């Protein structure tokens, strides 16, 4: 390696005067140094001027000229080169020589001001005081001028860089000023902040101590050190990265800092930094986190790893490790305090907690999410808080669900999330998929990281090499690495240590890029057996290990383990933090693990598991289940898998519960327990609305339960599977109904009347969706049988089904059955009670009485249950139906807010029916507002769904909605086509047909058939009146408009009738609408 520009001749005038030549270094005399200083500082200087400065000679005589010539020749003799070039009476520097004066000039122009300031304060290497007073004056002017320039640049750079978040530049500027004046309070405060901002908090303490040791306390300095002391030490995995100088990424840093402004203003913000492994996501996150702490934010950090991705809420629990939770848990109260307390490991919350209150299984997830939502809101209200989550792709499903839960509810909150993720590590079904491939609904700001720019890459090499790498080699390293930050860092380190030989030609570096395998190969070559084993265990263990634990796994002494760790650290394969050791980078770990054979992996996982079991026991059930599974130890994997699954399910982490129940089914030998695990797996998948996996699991669960003689539970799985198949839409309704008939027969034979009721309730809904309305009515006898002989639970479920049946012919009977079902479910679990209340709300919705005074307590209870239930479908139905009721009453803004809430609940769940209904509801809302383009989009979206069990009414509603839009936008040809394509109406209206009737009447009106339009509405109203009252009211408005247009004298009476009905139902907006029609 040569000097920075490749020169073999280097002149050092500051610090120690030295001339370096190809033959080695040689000392310089004061006069030789002075002459070189004058020439290289002035760049061109005359001999008379040299004589004036060196010897105070006003005129140059032959003797002085001879002395100058003599000095010039001495320098040439010592260096072997003509370092000073004569041009007439002038001397200039040889371009082939490098002088530290030129280096300082370059450093100044590159804004490396601290280095220049240090050289200025250090002064020249020689004591020139004996030369001449004139030289002393020249040297002083030169240094003062250089110092003044540096101070001016440093002051301006601090202001600009600190505002832009360029803390490396800001720190350099502060250090330069500090070098000149270490007692200036403002400068010291800047240095303290600047050092801390780049990860050198201990150096900030040194600056503070030196200041206090030489002068009195100052508020600026005290405030700066107080901010620094709020920054905790970097975590083990981040420590080395956090202390390195940060290079580049200025635009990304500026975008990330917008989170500070939003959170400080009380606006929730989520930023996701995306990029491949080693691209610099973790380093960027550490930089932003450090700034956030210095600016007064509470910073929560988590770094999930792949092996722990099935441990429920693990990143969130990890983020709370250093927070004093006691006051917050006491503030949010029960049951939330207990729900959270049972999730926490010993340490963060030492107080005893009560047993978890019982709650129906479908409510578990919601209870858990509500609990942590309340806790994080409490933390954010106390102090603006940002959650830094590195490697979101390894977060468990419940953590991801919690983040989305927060987002949907926290438009206004002093809370933000900054996360990183690797797209290549995320599959379509992975929890983080919704964030990486967000369509805008989650409101996530995405920042993509790519390779460094050419200038950034060169800066990184110069930083690592401390400017010991010449320009040609810098370019070669950049070419070999493809400017990938991790590869570039590791290649530069290997080059500096002599492990890497660069190509001769610079072009070769770009044509033959270095692979990760090549980098690793050069580092592992020559490792001893213990050192290799350390790498293999760390790769299998996936997370940092203590040296003592590692020694036990390897069955070697602690000294041997420490020696191996030292050697691996020297080779930059691992990193150490006191007694904790881990592989230096995740992509190194992955590469090492992939090179292991399956047998070797199994042995390593077993050793790691045994050490974990001995040290932590059942508290680490999730890790033990995973390691024993990979080790092929079935019995132990099943044992700990049960514990992990039960713990996750009890606390509502159903996605993680499903993973561990599936693990148990693979490893459990006992037939009955395997059947029970399969049932719990199926239940977890069904609760999580993962229907493509839930339906096969439900079928398998039923088979295994029957084989284990758990027949009643098997029948429940059969019924759930029929419901699941209906949701997916791949099975004909007739086939599903036949399956339910077989289930009912089996239930009757076994006296399982609750099972009969459940099957009947599923059947009545399937038949209605298929518009087999006579068959629906024909089920009454079977319902009556259940009422006569069934249990309280069976009777309640039967009345739920009868409410649907009676809505087709007897609205009073429908209301009675729905109310009885709710009454009998009074002591049921929250999910079952919400389900019965939802059925009653549908009856009340159609009858137009949902918002009457007598139903206020019912609505209040439904809202409360909706916050507790884990049943996604029931929560969606509640929000959606309330939205429809507000739309029917004319409260359009309220309706939109509820539809927004319902849509947020759907997420990525397999819920076709709800999506169709929501799209149609949004279409109707847009029609009510006259937003026909938007309405057309919603109706078209509803029509894009297909399947064998899609409700029959979908096609009618979509055609009618699109038809209204075509009419209102003047597309008559399209409207005529849609009118002709309208499917035939059902024999009985079992849904609100308002869009369909409005399209028919409006189309006939536009065609000039006013009487036909009126007749279409009047015929429909005969069926709607008294049964589907809300639909009757909306069509009545259209009817009155048409009657007035036809000058029909009945218009006034029909308007008065509308006023009376809406007044009785307390529909104020609709009542005013009819009153205006009456007054026209």
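Per-structure values
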read-out	value
Test result for residue 115, surrounded by 15 or more Cβ atoms within 10 Å (Cβ to Cβ) and closer than 24 Å to residue 462 by Cα	yes
Qualifying residue in region 946-965 (condition: without any contact (Cβ under 8 Å) to a residue 24 or more places away in the chain and outside any helix (DSSP H, G or I))	no
When residues of region 567-579 are limited to those that are surrounded by fewer than 19 Cβ atoms within 10 Å (Cβ to Cβ) and touching a strand residue (DSSP E or B) at 6+ places or on another chain (Cβ under 8 Å), the one farthest from residue 546 (Cα to Cα)	569
Unmet requirement for residue 855, which otherwise passes all of (1) in contact with a helix residue (DSSP H, G or I) (Cβ under 8 Å, 6 or more places away or on another chain); (2) modelled with pLDDT of 90 or more; (3) more than 28 Å from residue 374 (Cα to Cα); (4) in a helix (DSSP H, G or I)	(2)
Per-region count, region 731-760, residues closer than 13 Å to residue 794 by Cβ and assigned to a helix (DSSP H, G or I)	11
Selection within region 822-849 - modelled with pLDDT of 85 or more and not in a helix (DSSP H, G or I)	825, 848, 849
Considering residues of region 79-112 that are exposed (fewer than 14 other Cβ atoms within 10 Å of the Cβ) and at pLDDT below 80 only, the residue farthest from residue 156 (Cα to Cα)	106
Qualifying residue in region 334-354 (condition: modelled with pLDDT of 85 or more, within 20 Å of residue 386 (Cα to Cα) and surrounded by fewer than 20 Cβ atoms within 10 Å (Cβ to Cβ))	no
Test: residue in region 157-179 that is surrounded by 17 or more Cβ atoms within 10 Å (Cβ to Cβ), over 26 Å from residue 203 (Cβ atoms) and at pLDDT 85 or above	no
Qualifying positions in region 1017-1029 - touching a helix residue (DSSP H, G or I) at 6+ places or on another chain (Cβ under 8 Å) and closer than 19 Å to residue 990 by Cβ	1017, 1020, 1021, 1024, 1025, 1026, 1027, 1028, 1029
Failed criterion for residue 984 (all others in (1) in a helix (DSSP H, G or I); (2) surrounded by fewer than 16 Cβ atoms within 10 Å (Cβ to Cβ) hold)	(1)
The listed residue being outside the structural domain of residue 986 (by TED's automatic domain parsing) and touching a residue at least 60 places away in the same chain (Cβ under 8 Å), out of 853, 866, 883	853
Some residue of region 286-295 being farther than 25 Å from residue 448 by Cα, buried (at least 21 other Cβ atoms within 10 Å of the Cβ) and over 14 Å from the mean Cα position of the chain (by Cα)	no
Qualifying residue in region 463-479 (condition: assigned by TED's automatic domain parsing to the domain that holds residue 253, in a helix (DSSP H, G or I) and over 23 Å from residue 520 (Cα atoms))	no
Filter pass, residue 36 being under 23 Å from residue 119 (Cα atoms) and either outside the structural domain of residue 131 (by TED's automatic domain parsing) or assigned to a helix (DSSP H, G or I) (or both)	yes
Residue 915 being in the same structural domain as residue 949 (by TED's automatic domain parsing) and either surrounded by fewer than 22 Cβ atoms within 10 Å (Cβ to Cβ) or not in a loop (DSSP other than H, G, I, E, B) (or both)	yes
Given (1) within 36 Å of the chain's Cα centre (by Cα); (2) under 30 Å from residue 568 (Cα atoms); (3) at pLDDT 85 or above, index of the condition residue 496 fails	(1)
Residue in region 999-1017 that is surrounded by fewer than 23 Cβ atoms within 10 Å (Cβ to Cβ), within 30 Å of residue 856 (Cβ to Cβ) and either free of Cβ contacts under 8 Å to residues at least 12 places away in the same chain or outside the structural domain of residue 958 (by TED's automatic domain parsing) (or both) present	no
Failed criterion for residue 813 (all others in (1) touching a helix residue (DSSP H, G or I) at 6+ places or on another chain (Cβ under 8 Å); (2) in contact (Cβ under 8 Å) with a residue 24 or more places away in the chain; (3) surrounded by fewer than 19 Cβ atoms within 10 Å (Cβ to Cβ) hold)	(2)
From 215, 152, 187, residue being under 26 Å from residue 122 (Cβ atoms) and either within 41 Å of the chain's Cα centre (by Cα) or assigned by TED's automatic domain parsing to the domain that holds residue 320 (or both)	187
Elements of type helices (runs of 4 or more DSSP H) in region 620-688, at least 3 residues being farther than 23 Å from residue 709 by Cα and over 25 Å from the mean Cα position of the chain (by Cα)	621-631, 634-650
Test: residue in region 80-90 that is in a helix (DSSP H, G or I), farther than 30 Å from residue 171 by Cβ, touching a helix residue (DSSP H, G or I) at 6+ places or on another chain (Cβ under 8 Å) and not assigned by TED's automatic domain parsing to the domain that holds residue 470	no
Every residue from region 463-476 that is crowded, with 18+ Cβ neighbours inside 10 Å and under 34 Å from the mean Cα position of the chain (by Cα)	464
Failed criterion for residue 892 (all others in (1) at pLDDT 90 or above; (2) surrounded by fewer than 18 Cβ atoms within 10 Å (Cβ to Cβ); (3) farther than 30 Å from residue 969 by Cβ hold)	(3)
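The values are calculated or read from the model by the stated rules, or taken from the named source; none is laboratory data. In this text the structure is predicted, and so the values were computed from the model without any measurement. Cβ: placed from backbone, ideal geometry, glycine included. Neighbour counts: every protein chain shown.
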